[in-house]
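K.L.:
Quick one: structure below, then a few questions.
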Amino acid sequence: MTLPWICIAPNVPKILLRGVIAKTLDPDDSFYKGRIDAINFTLEGFVVAPARLRGIAAAVTDGRIGIEVADTGPNFGAAYTLGQSRHFTLREYNFQPNDFWRAQMVHEAVHASFDLAGESPANDLDEACAYLAETVYVKKGVLGRTIQGSEAAVAIYTAVGAAVDRLKLHTKTGQRLTRSDVQDLIAAINAHPGYGH
């Protein structure tokens, strides 16, 4: 007789991963909750807010956003695919996430939040919002970040770090930003070979 757990065993890693992603975006712990709550701004009218990130946690939990573990290419550790087959693609399973992994999930959740809201910001604005959100998350945690990768990636993280510091985006919520407020970040995104025009 076949034991029931054998039938569901292949799904267990993805179920666990769903839980880790959901807890990253909608944490119980007050330290992590404060970091999510700090992500609150608009860029050219596109809203990035804690409620939206928590909505993505719910969508991951109930399966409206899928998960796959697969190659994400040479430039990125995670990706989001929008549309009817919407899902996160992660390079590997990670059940004990570090801050870098959590920041990536915040980044991809911003893309997902626009998708679920039926909004279509220009690619450079979409990416700028995501990089700003992940950097607010990191800085609100009072954590440093070692920037590694290609020259193009370093340029993005240098520009976004400078923008968040200058605007005090991690301590002053509700700011309404324009392209000109983050023009160096947008220029760095547009110069990155991973972001098609």
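Coordinate-derived values only; no laboratory data. Worth saying up front: this structure is predicted, and the values here are computed from it rather than measured. We place every Cβ from the backbone using ideal geometry, glycine too, and count neighbours over all the protein chains shown.
K.L.:
For the chain, what does the helix formula give at 222 nm: sum of -39500 (n - 2.57) over DSSP H segments with n ≥ 4, over the residue count, nearest 500 deg cm²/dmol?
P.N.:
The per-residue figure over the chain is -16000 deg cm²/dmol.
K.L.:
Looking at the chain as a GNM with Cα springs under 10 Å, which of ASP26, ASP126, ASP99 has the largest mean-square fluctuation?
P.N.:
ASP99
K.L.:
Then there's this: Work out how much length ASN75 to THR61 would gain on full extension: take 0.36 nm times their residue separation and subtract the Cα-Cα distance, in nm to one decimal.
P.N.:
2.3 nm
K.L.:
Also: Only residues of segment 132-174 count here: report those whose backbone N is under 15 Å from the spot 7 Å along Cα→Cβ of ASP184, or say none.
P.N.:
132, 154-169
K.L.:
With a Förster radius of 45 Å, plug the Cβ-Cβ distance of SER85 and SER30 into 1/(1 + (r/R0)^6) and report the FRET value to the nearest 0.05.
P.N.:
0.80
K.L.:
Considering the Cα trace of segment 104-187, what is its radius of gyration and what is Dmax, both in angstroms?
P.N.:
Using the Cα atoms of segment 104-187, the pair Rg, Dmax is 12.5, 34 Å.
K.L.:
Please identify, among ASN98, ASN75, ASN40, the residue showing maximal mean-square fluctuation in a Gaussian network model of the chain using a 10 angstrom Cα cutoff.
P.N.:
Most flexible of the set in this elastic network: ASN98.
K.L.:
Moving on to the next point. Can you tally the net charge around LEU90? Count Lys and Arg as +1, Asp and Glu as -1, for every other residue whose Cβ sits under 12 Å from the Cβ of LEU90.
P.N.:
-1
K.L.:
Another one. Looking at the chain, what % of the alpha carbon pairs are farther apart than 29 Å?
P.N.:
Result: 20 percent of Cα pairs exceed 29 Å.
K.L.:
If you don't mind, there's one more thing I want to ask. Whose amide H sits under 5 Å from the amide H of GLU44, counting only residues 5 or more places off or on another chain, with H placed in the peptide plane?
P.N.:
Amide H neighbours of GLU44: LEU177, THR178, ARG179.
K.L.:
Quick one: putting +1 on the C-beta of Lys and Arg, -1 on the C-beta of Asp and Glu, what dipole do you get for segment 11-191 around its Cα centre, in Debye to the nearest 20?
P.N.:
So the magnitude is around 500 debye.
K.L.:
Let me ask something else about it. What's the local net charge at PHE76, with K and R +1, D and E -1, over the other residues with C-beta under 12 Å away?
P.N.:
Every neighbour counted, the sum reads -2.
K.L.:
Could I ask something else about it? Within a Cβ distance under 13 Å of GLN175, other residues only, what is the Lys/Arg minus Asp/Glu net charge?
P.N.:
+2
K.L.:
If you line up the long axis of helix 12-25 against the longest principal axis of the chain, both from Cα atoms, how many degrees apart are they, to the nearest 10?
P.N.:
30 degrees
K.L.:
Here's a follow-up. Nearest 5 percent is fine: what portion of the DSSP beta bridges confined to the chain is antiparallel?
P.N.:
Expressed as a percentage, antiparallel bridges in the chain total about 50.
K.L.:
Would you mind calculating the gained length between GLU92 and GLN148 on full extension (0.36 nm times residue separation, minus the Cα-Cα distance), in nm to one decimal?
P.N.:
Gain on stretching GLU92 to GLN148: 18.3 nm.
K.L.:
Return one number: the angle in degrees, 0 to 90 and rounded to the nearest 10, between the long axis of the Cα atoms of helix 50-61 and the longest principal axis of the Cα atoms of the chain.
P.N.:
Roughly 20 degrees between the two axes.
K.L.:
Under 8 Å for C-alpha pairs, at least 6 residues apart: give me the relative contact order for the chain, rounded to a whole percent.
P.N.:
Once divided by the residue count of the chain, the mean separation gives 24 percent.
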